[in-house]
Amino acid sequence: MAVELTWYGHATWLITSGDYRILVDPFLDDNPSATIKAADVDPSVILVSHGHADHIADAAAIANRTGATVYAVYEVANWLAENHKVQNTVGMNIGGAAVLPVGKVKMVPALHSSGLPDGSYGGVAAGFLVKVGDTKIYFACDTALFSDMQMIGAVGLDAAVLPIGDLFTMGPEDSVTATELLKPTKVLPTHYNTWPPIEQDAGAWAELVRTKTSAEPVVLQPGETVTL
Ligand code: NI
Ligand code: MN
């Protein structure tokens with residue numbers, strides 16, 4: 001079955017496989033680049049990479065409206081259950097995988113912090129390796145470049161979604177180095193152009209990817225979809 005990947009702006013992504021929808025890091029209502037609102041999505045499950053507001057802001061409201069199960073690092077999952085009455089949560093930790101009806105999701109390392117919006121401890125930040133059928137997608141989420149990305153890429157990635165915004169995460173040059181380590185078929189930029197401090201030239205980044213790696217850069221506009 002075809003797997004589609006939609007960018008909603010900033011770090012919010014949707015994976016669609018038939019009727020199954022995996023929403024990653026929902027931040028829509030206060031996201032200046034989003035083309036939809038939190039009320040417009042109907043995910044089967046939600047993945048939250050860490051506790052920062054630009055990744056978790058709408059997770060509870062969407063989960064409570066739709067009944068979607070939220071997968072997050074243990075501390076974040078507990079916080080959503082206890083502070084926002086989210087009914088269905090699965091607490092995970094780095095290196096662990098959870099089975100989904102369409103495949104599985106593995107929580108992988110990220111070099112970043114994870115404080116929750118109210119100051120609560122949010123455990124560690126994570127990335128996700130999502131397998132849908134035979135399609136493998138790596139969401140680096142908020143992270144610095146690290147050499148173990150080579151091991152994450154060893155599974156054979158159809159797509160890697162990498163931050164390029166700099167300041168809070170990898171910038172364009174490091175994300176090209178990450179692409180060299182990960183060796184995905186397609187690479188998609190994320191976490192940029194939401195606000196002035198993380199403005200980047202995605203066209204220049206794509207040219208660098210073409211020059212230095214074997215991956216195909218896919219630059220989406222918020223609201224656009226690519227079929228993997
Ligand atoms: Ni963050
Ligand atoms: Mn962020």
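Computed from the coordinates by the stated procedures, all read-outs in this text should not be read as laboratory data. These numbers come from a predicted model, not from an experiment. Cβ coordinates were reconstructed from backbone atoms using ideal geometry, including for glycine residues, and neighbour counts include every protein chain displayed.
A few remarks follow.
- Computed from point charges on the beta carbon alone (+1 for Lys and Arg, -1 for Asp and Glu), the dipole magnitude for the chain about its Cα centre is near 660 Debye.
- Label zone (residue 93, point 7 Å along Cα-to-C-beta; backbone nitrogen cut-off 17 Å) within segment 68-87: 72-79.
- Structure remark: mean-square fluctuation, Gaussian network model of the chain, C-alpha springs under 10 Å; the largest value among 113, 147, 175 belongs to 147.
- Of all the options 54, 19, 42, the one that moves most in a Gaussian network model of the chain with Cα springs shorter than 10 angstrom is 19.
- Those aspartates and glutamates that a straight Cα-Cα span of less than 14 Å connects to residue 131, excepting residues fewer than 8 apart in one chain: 4, 158
- As a length-normalised measure over Cα pairs under 8 Å and 6 or more apart, the relative contact order of the chain settles at 18 percent.
- Gyration tensor (alpha-carbon) shape descriptor, the chain, a/c threshold 1.5: rounded
- The modelled label-to-label distance between residue 207 and residue 150, using points 7 Å beyond Cα along the C-beta direction, is 3.0 nm.
- 5 Å binning of all Cα-Cα separations within segment 1-97, expressed as whole percents from 0 upward: 3, 15, 26, 25, 19, 9, 2, 0
- Exposed trypsin sites (Lys or Arg not before Pro) absent - longest run of the chain, DSSP non-H/G/I/E/B, at most 15 other C-beta within 10 Å: 86-228
- Convex hull of Cα atoms in segment 167-228, direction-averaged projection (nm²): 4.3 nm²
- Gaussian network model of the chain, Cα within-10 Å springs - most flexible of 15, 198, 56: 198
- Rg(Cα)/(2.2 N^0.38 Å) for segment 72-133, N = residue count: 1.16
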